[in-house]
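Structure record follows, encoded as structure tokens.
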């Protein structure tokens, strides 16, 4: 049996992915509640590339606990969200945190 899996009541549950050193670096620079940052701004802070930031966030094993929903595209649009519920959830989370949207 795969050591990263647990057998429970006929279902195999995988343990959360390990957080990489790069992800830790990215997560350290996520804004506090009510704030947002762009993929590019975050990439500039850690000397990386926006696509690398997007990949690190897309593979976040704890999408609410580690608030990757606070990262948006440089043009001000919402961007993606790999957590349950997708972009609708991202928008709702940001609104609950006090982020204002134009045209909403």
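Among the residues of region 2-33, the ones that are modelled with pLDDT under 50 and either in contact with a helix residue (DSSP H, G or I) (Cβ under 7 Å, 6 or more places away or on another chain) or assigned to a strand (DSSP E or B) (or both) come to 8 in all.
Taking the numbered list (1) on the phi < 0 side of the Ramachandran plot; (2) modelled with pLDDT under 95 in turn, residue 79 passes all entries but (1). Of all residues in region 83-92, exactly one satisfies the criterion of being part of a loop (DSSP other than H, G, I, E, B) and either touching a strand residue (DSSP E or B) at 6+ places or on another chain (Cβ under 7 Å) or surrounded by 14 or more Cβ atoms within 10 Å (Cβ to Cβ) (or both), namely 83.
Within region 46-75, the set of residues being in contact with a strand residue (DSSP E or B) (Cβ under 8 Å, 6 or more places away or on another chain) and assigned to a loop (DSSP other than H, G, I, E, B) comprises 73, 74.
The values are calculated or read from the model by the stated rules, or taken from the named source; none is laboratory data. Treat the numbers as computed from the prediction; the structure is a model and nothing was measured. Quick reminder, even Gly has a Cβ in these numbers, built from the backbone with ideal geometry, and neighbours come from all protein chains shown.
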